[in-house]
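Just so you know, all these numbers are worked out from the coordinates, no wet-lab data involved. What you see is a predicted model, and the numbers here were worked out from it, not measured in a lab. Quick reminder, even Gly has a Cβ in these numbers, built from the backbone with ideal geometry, and neighbours come from all protein chains shown.
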Amino acid sequence: MTPAIELIHIDKRFGAVHANKDVSLSIGQGSIHGIIGENGAGKSTLMSILFGFYAADSGEIKVRGAPVKIKSSSDAIAHGIGMVHQHFMLVDPFTVLENVVLGVEGGALIGPALTKARSELKRLAEEYEMDVDPDAVVGELPVGLQQRVEILKALYKGAEVLILDEPTGVLTPDEADHLFRILGTLRDQGKTVILITHKLREIMAITDHVSVMRRGEVVANFETKDTSVEELAEAMVGRSVLLHVEKGKASPGEVVLDVKNVTWRDRKNIARVDNVSFTVRKGEIVGIAGVSGNGQSELLDCIAGITKPASGEIVFEGKSIGQLGDPRHLRQEGLAHVPEDRQHRGLITAFDASESAILGWQFEDELGKGFRLDRDAVIANCRKEMQDFDVRPADPLLRSGKFSGGNQQKIILAREMSSNPDLLIVGQPTRGVDIGAIEFIHKRLIALRDQGKAILLVSVELDEIRSLSDRIIVMFAGRIMGERDANATERDIGLLMAGVQKDAA
Amino acid sequence: MSKRGDLPTWVDVGLIPLLNLLLALAAASVVFLLINENPIECLGIMIKGAVGSLKGWSYLLYYATNFIFTGLCVAVAFHAGLFNIGGEGQAYFAGLGAAIVGLNLEFLPWPIVIPLSIIASVLFGAFWGLVPGYLQAKRGSHIVITTIMFNFIASSLMVYLINYWFRPIGKMAVESREVTGAYILSFREIARQFFDYKYPASPLNLTVFLAFFVAWAVWYFLWRTKLGYEIRAVGLNSDAAVYAGIKPQRIIMIAMAVSGGLAGLVAVNEVLGAQHRLLLEYVQGAGFVGIAVALMGRNHPIGIVLAAMLFGLLYQGGTELSFAKQHINRDMVVVIQGLIILFMGALENAFRPYLTALFFKADD
């Protein structure tokens, strides 16, 4: 059978970065093909070339055996290739129907297109088990359904090949399972699915074939049934890695952070953090598990002093955070904060690394007396942190945005940890970070704990929470659903994450 | 992945502006041809008029002085993420400060009056920038809208004040009386008094050195002080700035005050240096030219100084051209300036993709 997609000797450079080196890949029709690799391995670049966002410097693309030129995403769609992006490309205030016809309105009047889409959508929904209310406003749908709208959008445009870029990052385990069922149905109906992910378990769960990318090259191709998580991980990083974190028993000391009945309301007066109470003590890691968007971000912001809770009190080392005031004073008191979204908050991508490496600490006297900012001191500070955390390339003058995700994260962690904090709050420390860096970051967090520091960890990666935390708190819809110790089963926590309380049983 | 950083610096700040400038001149040539003038000849007159004589250079630098101040004004606001269209009004209003001090403290010796009037100019300009800054920070009123409105308010207010406060009784022209005390010496006077040399007549005065110094000071402020760091952080990513404990509202107000203060220095060049009195509409569009200067100078003081001199050349060359050619008046010069702004600013990226492609082909 002719493969659905063939990529032949694809080569792509961005300046000095060789993003794709002579990549050849063949994707069989009616299969689910996984592509895994560390961040910066070139997965996304490759898919962007296939979907027409970038042009390859050289190489050839064949769709169902015929060579094609894909210059734009509309070319890709015309060849039956659809893409579901990591960050959805949806117009929030539009209805599902309006989103689906976006780009294929087919005339000056929208009416006929909507009528056609409505019946087509109904057919697709039945065929693929993808129920969505066509008249629902997309912005009000949960992320799982929004993703379904993205898939429907691609199918509506006639996609035979569907590319999904890190699709489960925003989903609950249940939603992810449902997505996998949908993908299975799609495959059974003859569609081809390309799944980009860095989660090995997903690869094992649903793919038929898997290609591993490393440093711009495809280093291995496997039949999923013939491989194992360990083998894949080894192929990804080029050596065996420790997926399990080695750590000793915690010896918690006095309470550093005491969160008492904190409630935070958004502009619509909805309580996004609802009467939350917990403590974090010296020498322990407390993990907050939960699907993203269940109030963890808002809670972190309250603790970091970025927003003020509507009610309740947060006490840090005996002082109320309300009295301490803003993030700057909290930092001076010994609270360090690794924000959840590094690109958006943790650093300023247009700044060079040395400038990003002082973000939040720019007031310190070591960086220049009084109003001055001593450039030499700033660079020296960055050099030292880069060495400590093995940031590559170790160039303080390189723009922050040019570092890979893992190295950006290391810059931020280095900055926050080198302040020798009493409490470190960490949001998604390894989101979008490659395995090698994850291992490094986890070890650093454990080491900090063993120095007797308090760590509050928020992560949507259940594995991460379970392997790092000494105590686990699960949040759902702004509330704490329960607390478990580190030995809790994945199923137990997964249920809490989905809002099911089984304590009563 | 941004393409900008991928090109070598000399291409980014040298070759691309040069190509855009040539393109603008080519388009201007078409306009000259349309009115039956020889573009080469016209261009020759302009360049010769601006840089072919000491007088030309003096005028060029005099104009550039104003443009450096207004260009820096736009740049500082820009680094805080604000588009300050109000340089014109801030410079105009600052004339009030210069005139109040210059006219009322005439009895004091120059080492006191001159610094005081400079400070007053800066403070008045800063105030006129701070109010829109406050409205943006605390009320969310968009800075573009408010600064434009403040230009009109300044304009009307100054007409009233000059007419009813400053205009001496019996004087027909709407302007203040002349400063009889200290003012900033022109090059011509310095040459005559201290070197016994006959320097051609021009409004060029010592403020030009202030302009170069202030350009350096703005660079230092933005890239070598903690406040400058915070301003740039807010401009590039206000969420990250909030995370870092920076208060964007405070930074917006500070940046707008600094920005307005820089525009206010135009009053030093004009009221204290060139005119020695407060004239109606004395800013003459320098505030708006500052936007183009900042755009062309990439909001960096070095670029701004160079761009200000280019616009100084256009102003002076254009004036000479309108003397030499009867078909060409000052409006024609405005057309050329417009083309340059279009090609250097709005179409700044026209060549970039091709050059990027070219460079990476050459690399392989």
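Return the distance in nm (one decimal) between the two label points of a simple spin-label model at A:Gln189 and B:Ile190, each offset 7 Å from Cα along Cα→Cβ.
8.1 nm
Around B:Glu281, under 14 Å between beta carbons, what's the net of Lys plus Arg minus Asp minus Glu among the other residues?
-2
Within the stretch A:113-219, report the GluC sites (Glu not before Pro) that DSSP leaves as loop and that have at most 15 other Cβ atoms within 10 Å.
The qualifying sites are A:Glu129.
Convert each backbone phi in the stretch A:284-301 into a coupling constant with the Karplus relation 6.51 cos²θ - 1.76 cosθ + 1.60 (shift: θ = phi - 60°), then list the ³J(HN,Hα) values in order as whole Hz, x for Gly and Pro.
9, 10, 9, x, 10, 9, x, 6, 4, x, 9, x, 5, 4, 5, 5, 4, 4
Figure the gain on full extension for B:Phe213 and B:His142 (residue separation times 0.36 nm, minus the Cα-Cα span) and round it to one decimal in nm.
Full extension of this stretch gives 22.4 nm more.
Taking K and R as +1 and D and E as -1, what net charge do the other residues with C-beta under 12 Å from the C-beta of B:Tyr92 add up to?
-3
Using +1 on the beta carbon of Lys and Arg, -1 on that of Asp and Glu, and nothing else charged, what's the dipole of chain A about the Cα centre, debye to 20?
Numbers: 60 positive and 73 negative charges, 139 e Å.
The dipole magnitude comes to about 660 debye.
When you take every Cα atom in the stretch B:79-134, what is the radius of gyration, and what is Dmax, the widest Cα pair distance, in Å?
According to the Cα coordinates of the stretch B:79-134, Rg and Dmax are 13.1, 43 Å.
If R0 is 22 Å, what FRET efficiency do you get for B:Trp10 and A:His18 from their C-beta distance, rounded to 0.05?
For B:Trp10 and A:His18, the calculated efficiency is 0.35.
Treating only the Cβ of Lys, Arg, Asp and Glu as charged (+1, +1, -1, -1), what charge dipole size does the stretch B:196-309 show about its Cα centre? Round to the nearest 20 debye.
For the stretch B:196-309, the charge dipole is close to 280 debye.
Cα axis of helix A:405-417 to longest principal axis of chain A: angle in degrees, 0 to 90, nearest 10?
10 degrees
List the pairs from A:Lys153/A:Lys268; A:Lys69/A:Lys191; A:Lys122/A:Lys157 whose alpha-carbon separation is above 19 Å, in the order I gave them.
Too far apart for the 19 Å limit: A:Lys153/A:Lys268; A:Lys69/A:Lys191.
Taking B:Lys55 as the anchor, which lysines have their alpha carbon closer than 30 Å to its alpha carbon, excluding any fewer than eight residues away along the same chain?
B:Lys198, B:Lys325
Loop only per DSSP, at most 15 neighbouring Cβ atoms within 10 Å: give me the GluC sites (Glu not before Pro) in the stretch B:220-285, ordered by residue number.
B:Glu281
Once you have the Cα-Cα distance between A:Asp485 and A:Thr2, take 0.36 nm times their residue separation minus that, and quote the gain in nm to one decimal.
Separation in residues times 0.36 nm, less the Cα-Cα distance, equals 168.7 nm.
Bins of 10 Å, beginning at zero and ending with the bin holding the largest distance: percent of Cα pairs per bin for chain B, please.
In order of increasing distance, the bins hold 5, 22, 30, 26, 12, 3, 0, 0 percent.
With a sphere of radius 15 Å drawn around the Cβ of A:Gly283, what net charge do the other residues whose Cβ falls strictly inside it have (Lys, Arg +1; Asp, Glu -1)? Mind showing how you got there, number by number?
Values: positive: A:Lys247, A:Lys249, A:Arg281, A:Lys282, A:Arg449, A:Lys453, A:Arg471; negative: A:Glu254, A:Glu284, A:Glu317, A:Asp422, A:Asp450, A:Asp470.
In short, +1.
Let a ≥ b ≥ c be the square roots of the eigenvalues of the Cα gyration tensor of the stretch A:116-265; is it rounded (a/c under 1.5), or, if not, prolate (a/b larger than b/c) or oblate?
In terms of gyration-tensor shape, oblate.
For B:Leu21 and A:Lys308, FRET efficiency with R0 = 56 Å and r from the beta-carbon atoms, rounded to 0.05?
0.60
Which residue, B:Asn104, B:Asn36, B:Asn299, tops the fluctuation ranking in a GNM of chain B built on C-alpha contacts under 10 Å?
In the Gaussian network model the winner is B:Asn36.
Picking from B:Phe124, B:Phe187, B:Phe67, which is most flexible by a Gaussian network model of chain B using Cα springs under 10 Å?
Result: B:Phe187 has the largest fluctuation of those listed.
Please report, to two decimal places, log10 I(q)/I(0) for the stretch A:237-386 at q = 0.14, 0.17, 0.18 Å⁻¹ as given by the Debye formula with identical point scatterers on the Cα atoms and no solvent.
-0.90, -1.15, -1.20
So for chain A, considering every pair of alpha-carbon atoms, how many percent are separated by more than 31 Å?
Above the 31 Å cut-off, chain A has 50 percent of its Cα pairs.
Remind me, what semi-axes does the protein assembly as shown give for its equivalent ellipsoid, largest first in whole Å, using sqrt of 5 times each Cα gyration tensor eigenvalue?
57, 35, 25
Measure off 7 Å from each Cα along the Cα-to-Cβ vector at A:Val104 and A:Glu140, then give the distance between these two points in nanometres to one decimal.
Result for the modelled spin labels: 2.7 nm.
Pull out a ≥ b ≥ c, the square roots of the eigenvalues of the alpha-carbon gyration tensor of the stretch A:5-237, then state rounded if a/c is under 1.5, prolate if not and a/b is larger than b/c, and oblate in the remaining case. Don't skip to the end; give the middle numbers.
On the way: a/c = 1.93, a/b = 1.43, b/c = 1.34.
Prolate, because a/c is 1.5 or more and a/b exceeds b/c.
Express in nm, to one decimal, how much length is gained between B:Asp331 and B:Trp165 on full extension, taking 0.36 nm for each residue of separation and deducting their alpha carbon distance. Numbers along the way, then the final one.
Working: separation 166, 0.36 × 166 = 59.76 nm, distance 3.32 nm.
Gain on extension, B:Asp331 to B:Trp165, equals 56.4 nm.
Using the Cα centre of the protein assembly as shown as the reference point, and only Cβ charges (+1 on K/R, -1 on D/E), how large is the resulting charge dipole? Debye, rounded to the nearest 20.
2260 debye
As a check on your grasp of the helix formula, calculate [θ] at 222 nm for chain A: sum -39500 (n - 2.57) over DSSP H runs of n ≥ 4, divide by the residue count, round to the nearest 500.
Taking each H run of at least 4 residues, the total per residue is -9500 deg cm²/dmol.
Is there a pair in A:Lys247/A:Lys453; A:Lys260/A:Lys308; A:Lys43/A:Lys247; B:Lys226/B:Lys247 whose C-alpha atoms are over 21 Å apart, and which pairs would that be?
Too far apart for the 21 Å limit: A:Lys43/A:Lys247.
Based solely on its DSSP helices, what 222 nm [θ] is calculated for chain B when runs of n ≥ 4 H residues each add -39,500 (n - 2.57) and the sum is averaged over all residues, nearest 500 deg cm²/dmol?
So the helix-based figure for chain B works out to -22000 deg cm²/dmol.
May I ask you to derive the FRET efficiency for A:Ser418 and A:Ala498 from their Cβ-Cβ distance with R0 = 35 Å, giving the value to the nearest 0.05? Don't skip to the end; give the middle numbers.
On the way: r = 38 Å, r/R0 = 1.09.
Efficiency, from the Cβ-Cβ distance: 0.35.
Which of the trypsin sites (Lys or Arg not before Pro) across the stretch B:157-238 are loop residues per DSSP, with 16 or fewer other Cβ within 10 Å?
Passing sites in the stretch B:157-238 are B:Lys171, B:Arg177, B:Lys198.
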